[in-house]
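Each remark here refers to the structure printed beneath this line.
Each reported figure results from applying straightforward, stated rules to the coordinates on display, with no laboratory input. Since this is a predicted model, take the numbers as computed values, not measurements. A quick note on method: Cβ atoms are made from the backbone with ideal geometry, for glycine too, and the neighbour counts reach across all protein chains shown.
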Amino acid sequence: METKKSALGLIPEYKIGVLTSSRADFGIYYPLLKKLGNHSLFNLEIIAFGTHLDQNYGYTIDEIHSYGFEVKHQIQTITLNKNPYETSKSIGDTILKFSEFWKINEFDLVFCLGDRYEMFAAVSASLTFGVNLAHLHAGETTLGAVDNVFRHSISLMCKYLFVSTEKYKNRAIEINNNPNLVFNVGALSVDNLENLKYYSIEEFNDKFNIDLNKPTILSTFHPETRSLSMNIQYVDELIMSFDELKKRYQIVITMPNSDTMGDKIREKLIDFAKGLDEVKLVESFGMKGYLSCMKHCSFLLGNTSSGFVEALYFPKKVINLGVRQQGRIITENIFNCPIKKDSIINAVKKIESKKIVQLSNIYMNGNTADNIINILKKMLNEN
């Protein structure tokens, strides 16, 4: 803790680090980053690494800058993922880079989020340095991905656990055995959804050259890292369903993340989309673009976590493919489906005939960013 001069004399200032490795976690962090950056009690330092600094994934550190944030720490790490060896090598490289980082940087508290292997590596490197960590979206379960192991491992290494529902709070308490350090604050992304000024359909078309007046499927398909050998078959089944669905829908595909086999899925999707006006591939819309596309699309089809938290807000119908997200809470707008062409086509027919009314939002718990700030002030003052 440092002190700084104000009109009232010397006041404490807490140095808060935020670890962000990808487009996905920055979009979730955003409301909290705004609150931390504008609060006189906190000195925010963003620590960017992973795909944020990789041109192949859209160099999304530019999006962080576009929202007015300084990125004080930029750590270049390997993001190779064609096979298990490359992913393991990426984990090792991230641990090595962060061992150097933690050696020369101290914080009063560092936030980490989710279940990515890059995040696991950065947090693992901090353990021997005694870094105080707070884990956002702790307690969630995704049995179809090795990320489930990373998420719970991250929680074990963190002092404070922030969760989005009571069910996840109970799971987090099972992990750390300390209910006093587990807080149900709701989902940060709901703050975004409540306050975001979305692109209109016309603005979206002007910016991305995609006309959402057309019936549109928004799709993101990540590898199932518990079933690596099946991923090529899965993406082939998905592409066969797209080939039929494109007769009636425009298909907007955001590209897979940097999980093992992600590059193979990416190559298949690029090959399929060549010459097809009905299929749009997007590396990264950015937070506002992605959420605007979700708002205006007909439904979601894929296996991304945004089909659970963000899609419920509107609400949007979601066809959740496979078992990557197995273990998450299934709300009425979500339809689980095997990754088989015939099953996917049948699921589309079912949701086309089903109406979704406004649902209660289990992830909404007041203003999540303010909830976190209030807890943060209390626990830092107690230390």
| field | region 211-276: relative contact order in percent, alpha carbon pairs under 8 Å with at least 6 residues between | value | 47 percent
| task | Could you tell me the largest-minus-smallest coordinate of the C-alpha atoms of region 252-383 on each of the three principal axes, in descending order and whole angstroms? | result | 59, 34, 27
| query | What is region 298-361's relative contact order, in percent, from Cα pairs under 8 angstrom and six or more apart in sequence? | reply | 32 percent
| note | Between the residues Asn367, Ala347, Met379, the Cα farthest towards the positive end of the dipole of region 341-383, that dipole coming from +1 and -1 charges on the beta-carbon of Lys, Arg, Asp and Glu, is from Ala347
| message | I want to verify the translational diffusion coefficient of region 185-230 in µm²/s; compute it with Stokes-Einstein, Rh as the Kirkwood radius over Cα pairs, at 37 °C and 0.692 mPa s. | response | 233 µm²/s
| Rg and Dmax of region 286-334 over Cα atoms: what are they, in angstrom? | 10.3, 28
| note | Surrounding charge for Arg324, neighbours by C-beta under 10 angstrom, Lys/Arg +1, Asp/Glu -1, total -1
| Within a Cβ distance under 10 Å of Gly27, other residues only, what is the Lys/Arg minus Asp/Glu net charge? | -1
| Lys/Arg Cβ at +1, Asp/Glu Cβ at -1, dipole of the chain taken about the Cα centre: which of Tyr67, Ser219, Phe314 is farthest positive-ward? | Phe314
| message | Helix-only estimate, please: 222 nm mean residue ellipticity of the chain, summing -39500 (n - 2.57) across DSSP H runs of length 4 or more and dividing by its residues, to the nearest 500. | response | -13000 deg cm²/dmol
| Which net charge results for the neighbourhood of Tyr117, defined as the other residues with beta-carbon distances under 9 angstrom from its beta-carbon, given Lys and Arg at +1 and Asp and Glu at -1? | -3
| request: Give the long-range amide H neighbours of Val110: residues separated by 5 or more places, or on another chain, with amide H under 5 Å away, using H modelled in the peptide plane at 1.01 Å from N. | output: Gly17, Asn132, Leu133, Ala134
| said: Could you tell me the center-to-center distance, by alpha carbons, between region 74-117 and region 327-360 in angstrom? | reply: 36 Å
| query | Which entry is the computed semi-axes √(5λ) of the Cα gyration tensor in Å for this structure: [x] 35, 22, 20; [y] 32, 27, 19; [z] 42, 33, 18? | reply | [x]
| said: If R₀ is 41 angstrom, what is the calculated FRET efficiency for the pair Leu196 and Met230, using the beta carbon separation as r and rounding to 0.05? | reply: 0.70
| query | In terms of Cα to Cα distance under 20 Å, which lysines are near enough to Lys159, apart from those fewer than 8 places away along the same chain? | reply | Lys15, Lys103, Lys167, Lys169, Lys377, Lys378
